[in-house]
Amino acid sequence: MSAAGRRPSSAASVDPADSRRAAADRIREVFADAGCTGWLHARRCGGEAEISVGGHARVVTASVYKLVLFVAFCRGVDAGLIDPADRLTIDPADCTPGPTGIAALHDPVTMSRRDLATSMMTVSDNAAADVLLGEVGLGAVEEVLTDLGLTETRIVGGTADVHRGLLRDTDTHTTAEAFAALADNDEARSVAAYDPAYTSATTPEEMTRLLRVLWSGTVLSPGQTAFVRAVMAKQVWPHRIAAAFPHRGVTVAGKTGTIGVIRNEVAVVEFPREYPIAVAVFTRAARADPQLPVVDAAIAEAARIAVTALRHPVDPDEWPEPGARR
């Protein structure tokens with residue numbers, strides 16, 4: 001039997017609570033070995049089993065905020081307030097800078113709103129996110145948080161707002177200069193973008209709670225629930241949570257977030273015939289290097305440990321089929 005199809009042992013001699021506590025201890029060691037501070041929450045989508053390593057601490061979202069914006073967009077579609085096929089033309093010269101998506105192009109592009117949402121989630125397109133935020137409105141994003149009881153999550157603006165803050169805090173004139181300043185290990189930087197008191201913030205527990213209700217089909221229509229699942233499963237970044245689950249048949253649907261020393265990812269991991277598991281990992285590295293593979297690997301390993309400890313065969317009477325609404 002393949003690794004994807006192999007179900008975790010349910011030997012009576014193993015106390016599940018002890019197993020989860022041991023997993024949390026191992027996760028703390030993983031973060032320490034990687035030279036980063038880490039926070040994790042994972043929960044089985046079905047039942048109450050969970051693992052927490054500082055899971056109720058407030059943390060910086062970085063681009064994970066785009067998940068909440070995505071939900072607000074989809075709710076607008078369900079309410080008939082947004083036509084997802086309606087098209088917008090965006091000039092890269094006038095949009096929010098970023099290494100991916102529209103900002104990486106040379107000429108104006110015309111895209112539907114749902115394709116903007118897809119680009120925002122799959123390649124973390126900053127420009128697409130800010131266009132959609134302008135369309136949806138911050139008020140609609142706040143309504144999602146209020147309606148779902150996510151009281152510790154706050155979205156204060158989009159990527160453009162973060163970039164303006166970085167220019168101020170680093171005393172630079174361009175986004176490229178600001179990120180170069182952040183990457184200088186010889187220059188200690190204290191910027192608002194690193195402080196959950198001043199920027200968009202959440203807790204790992206609230207992100208797994210959001211993922212769980214999304215996957216349950218209770219937040220959006222069946223069509224939009226399926227859209228969310230499909231788009232998040234197409235995220236292109238394989239170096240964090242997805243790296244822990246290369247098995248055939250396993251789906252990882254996630255959203256990363258990165259800015260300076262902050263590296264995050266939230267995701268739902270689905271093994272065949274098992275409950276989906278929502279996991280949220282947030283980190284702050286000790287070094288400011290733009291590339292820190294050891295921290296990315298720690299995110300993957302922490303997620304692997306947590307998910308492995310929570311795996312359980314599904315009871316069809318307790319968990320709906322994909323896209324079903326309860």
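I want to check the label-to-label distance for residue 105 and residue 78. Put each point 7 Å from Cα in the C-beta direction and report it in nm to one decimal.
Spacing of the two 7 Å Cα→Cβ label points: 3.0 nm.
Is it possible to state the helix-based mean residue ellipticity at 222 nm for the chain, with each DSSP H run of 4+ residues giving -39500 (n - 2.57), the sum divided by total residues, to the nearest 500 deg cm²/dmol? What is it?
-12000 deg cm²/dmol
Given the C-alpha atoms of the range 162-293, compute the convex hull and give its volume per residue in Å³. Spell out each step's value before the answer.
Values: hull volume 17.2 nm³, N = 132.
Measuring per residue, one finds 131 Å³ for the Cα hull of the range 162-293.
Answer with one residue from 252, 239, 271: the one whose Cα lies farthest towards the positive end of the charge dipole of the chain, charges on Cβ with Lys, Arg +1 and Asp, Glu -1.
271
Which residues make up the longest stretch of the chain clear of GluC sites (Glu not before Pro) that lie in a DSSP loop with no more than 11 other Cβ atoms within 10 Å, not counting the sites?
Working: sites that count: 48, 187, 318.
The segment 49-186 is the longest one with no such site.
What residue among 138, 67, 210 shows peak mean-square fluctuation when the chain is described by a Gaussian network model with Cα springs under 10 Å?
138
Under the classification rounded if a/c is under 1.5, otherwise prolate if a/b is larger than b/c and oblate if not, where does the chain fall, given a ≥ b ≥ c as square roots of the Cα gyration tensor eigenvalues?
On the way: a/c = 1.88, a/b = 1.23, b/c = 1.52.
It is oblate, given that a/c is not under 1.5 and a/b is not larger than b/c.
Check each of the trypsin sites (Lys or Arg not before Pro) in the range 231-263 and keep only those in coil by DSSP with at most 14 other C-beta atoms within 10 angstrom; list them in order.
On the way: sites: 234, 240, 248, 255, 263; in loops: 234, 240, 248.
Those that pass, being in a loop and sparsely packed, are 234, 248.
Estimate the FRET efficiency between residue 167 and residue 25 by the formula 1/(1 + (r/R0)^6), using the beta-carbon distance for r and 45 Å for R0, to the nearest 0.05. Walk me through the intermediate numbers first.
Numbers: r = 42 Å, r/R0 = 0.92.
It comes to 0.60.
So what's the range 22-94 giving for Cα Rg divided by 2.2 N^0.38 Å, two decimals?
Details: Rg = 19.0 Å, N = 73, 2.2 N^0.38 = 11.2 Å.
Computed over Cα atoms of the range 22-94, the ratio equals 1.69.
GNM on the chain, C-alpha springs below 10 Å: top fluctuator among 76, 47, 257?
Sorting by GNM fluctuation, first place goes to 47.
The numbers here are math on the coordinates, done by the rules we state, and not lab data. No experiment lies behind these values; they were computed from the predicted model shown. Every residue, glycine among them, receives a Cβ derived from its backbone with ideal geometry; neighbour counts consider all protein chains shown.
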